[in-house]
1. Looking at this model, which pairs from 97/132; 132/164; 34/89; 75/164; 97/137 are more than 21 angstrom apart at the alpha-carbon?
2. Could I have the simple spin-label model distance between residue 179 and residue 116, label points 7 Å from Cα toward Cβ, reported in nm to one decimal?
3. By the scheme Lys and Arg +1, Asp and Glu -1, what is the net charge of all other residues having a beta-carbon under 13 Å from that of residue 173?
4. For segment 1-103, state which trypsin sites (Lys or Arg not before Pro) are in a DSSP loop and have at most 15 other beta carbons lying within 10 Å of their beta carbon.
5. Rank 148, 185, 58 by how far each Cα sits towards the positive end of the charge dipole of the chain (+1 on Lys, Arg Cβ; -1 on Asp, Glu Cβ) and give me just the farthest.
6. Against the 2.2 N^0.38 Å scaling, with N counting residues, where does segment 29-74 land? I'd like the Cα-based Rg ratio to two decimal places.
7. Report the local net charge at residue 74: Lys and Arg +1, Asp and Glu -1, summed over other residues whose C-beta lies under 9 Å from its C-beta.
Amino acid sequence: MEERTNSPAARLYRSMYLIRRVEEEIVRLYPTDKIKSPVHLSIGQEAVSAAVCDHLENSDVVFGTYRGHALYLAKGGDVPRMMAELYGKVDGCARGKAGSMHLVDPSVGMMGTSAVVATGVSNAVGAALALKMQRSKAIVVCFFGEGATDEGAWHESMNFAALKKLPILFVCENNGYAIHTPQRPARPLQSLWHRSGDDRGSRADAAA
């Protein structure tokens with residue numbers, strides 16, 4: 001990642017603007033069928049990745065969801081290498097084998113994204129355990145959607161991370177929908193905090 005010589009506001013604006021423009025270009029190109037990978041955009045979620053990654057070091061690693069373009073670019077990923085990956089070219093960040101939904105580039109700490117709900121959470125916890133065993137000062141950041149909190153892998157991973165006091169930050173990108181299903185009719189409690197073992201969520205729901 002480039003040296004942080006400009007102001008935080010300027011850095012965040014530049015990161016979010018870059019992400020948005022890249023995504024808009026993908027929207028323009030996709031109907032030509034030159035992009036051989038299915039794509040899921042990060043438009044509207046730029047700020048989350050930009051803000052979190054602005055606080056990370058090069059040695060820190062991130063895991064994300066299939067909407068991972070923003071995360072890759074915010075972590076310092078290379079635009080031409082990402083686009084080459086979407087085109088299925090050998091000079092892509094994963095030599096054209098991962099595509100949009102499984103972006104990976106260890107050179108910038110992008111350890112992978114996944115299209116399967118909650119699978120990246122377990123991988124992130126494993127990476128955090130490895131860092132702790134290596135006595136590394138690096139941390140892991142795991143991005144996931146609210147739908148992942150319905151999966152057993154998420155509960156098991158959260159429990160293990162807390163039990164072993166792992167160097168991991170969990171970031172839930174909650175847009176309020178699971179595909180087309182709103183969150184409210186799908187859950188009796190609207191706060192997701194209680195699912196992580198934080199009773200503030202339960203108190204907030206009880207007071208609502």
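Every number here is computed from the coordinates shown, using simple stated rules; none is lab data. Fair warning: this is a prediction, and the values are worked out from it, not measured in the lab. FYI the Cβ positions are ideal-geometry reconstructions off the backbone, even for glycines, and counts take in every protein chain you see.
1. Correct reply: 97/132; 75/164; 97/137.
2. 1.8 nm
3. -1
4. Answer in residue order: 4, 34, 36, 89, 95, 97.
5. 58
6. 1.35
7. After counting each charged neighbour, the total is -1.
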